[in-house]
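> The structure under discussion is supplied below as structure tokens; questions concerning it will follow.
The values are calculated or read from the model by the stated rules, or taken from the named source; none is laboratory data. None of these values were measured; they are calculated from a predicted model. Here the Cβ positions follow ideal geometry from the backbone for every residue, glycine too, while neighbour counts run over all protein chains shown. Accessible surface areas use protein heavy atoms only, side chains included; no ligands, DNA or RNA. Shrake-Rupley method; radii C 1.70, N 1.55, O 1.52, S 1.80 Å.
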Amino acid sequence: MLDSIITSKTRLRLLVKFFINAANTGYLRGLAQEMNENTNAIRKELNNLSEAGYILRKETDNKVMYYANTAHPLFATLQQLIQKYIGIDYIITQILERMGEISRIFLVGDYAKGIDSGIIEVVIEGEMINEEYIAQLLPKIKKEIKKEVFVKSTTEFIGEGLLIFENK
């Protein structure tokens, strides 16, 4: 969907990096290495995104760090678009449909770090989670969003991850 609108794969990967989690940052060489791209392609897209105001630059320790501009008027919209592109919204909808008492859902692994690896790792926290439903659901989600999805369930998640749903 989004890749038909944004034709630059490098730009799309940078948008995923910075807008899936606003805490993600990166510098030119690190991003080039992480995305297995040459620095010129990364530099060009970083400059384009910076000029448009979507990402900001900050020089620290002789490195220019880039991060999402959370004050940009389209920040929330871009974040929602990226979540839809990855399939997070679809995963949440499917999980909540018949899962039991879900208290929180976390995105962990590569996508929580902004790395578009094609492997989505989710941790579901709650009581009496329907494990059979998860097993039936995963092939359907994979087919729909065209990404590998791994789901772990626990009664209490302790670790690092991006909170994507909370039942208050």
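> For the subset of region 138-158 comprising residues that are without any contact (Cβ under 8 Å) to a residue 12 or more places away in the chain and not in a loop (DSSP other than H, G, I, E, B), which member is surrounded by the most Cβ atoms within 10 Å (Cβ to Cβ)?
LYS142
> Here is a list of conditions, (1) closer than 24 Å to LYS168 by Cβ; (2) part of a strand (DSSP E or B); (3) open to solvent by 80 Å² or more (accessible area, probe 1.4 Å), and GLU59 meets all of them except one; can you say which number that is?
For GLU59, the failing item is (1).
> Which of the residues that make up region 25-47 are touching a Leu at 6+ places or on another chain (Cβ under 9 Å) and open to solvent by 50 Å² or more (accessible area, probe 1.4 Å)?
GLU37, ARG43, listed by residue number.
> Would you be able to say whether some residue in region 71-84 is of a type in the set (S, T, N, Q) and without any contact (Cβ under 8 Å) to a residue 12 or more places away in the chain?
yes
> Check THR10, THR93 and return the single one that is among the hydroxyl-bearing types (Ser, Thr, Tyr) and open to solvent by 40 Å² or more (accessible area, probe 1.4 Å).
THR93
> Moving on. So which of VAL123, VAL108 is within 30 Å of GLU156 (Cα to Cα) and touching a residue at least 40 places away in the same chain (Cβ under 8 Å)?
That would be VAL108, the only listed residue that is within 30 Å of GLU156 (Cα to Cα) and touching a residue at least 40 places away in the same chain (Cβ under 8 Å).
> Now for a separate question. Which members of region 21-56 meet the condition of being of a type in the set (Ser, Thr, Tyr), out of contact with any Lys or Arg (no Cβ under 6 Å at 6 or more places or on another chain) and assigned to a strand (DSSP E or B)?
THR25 - this is the single residue of region 21-56 that is of a type in the set (Ser, Thr, Tyr), out of contact with any Lys or Arg (no Cβ under 6 Å at 6 or more places or on another chain) and assigned to a strand (DSSP E or B).
> Sticking with this structure for a sec: Residues ALA135, ALA76, ALA71: which one is loosely packed, with under 12 Cβ neighbours inside 10 Å and not in a helix (DSSP H, G or I)?
Values: ALA135 fails: not in a helix (DSSP H, G or I); ALA76 fails: not in a helix (DSSP H, G or I).
On inspection, the qualifying residue turns out to be ALA71.
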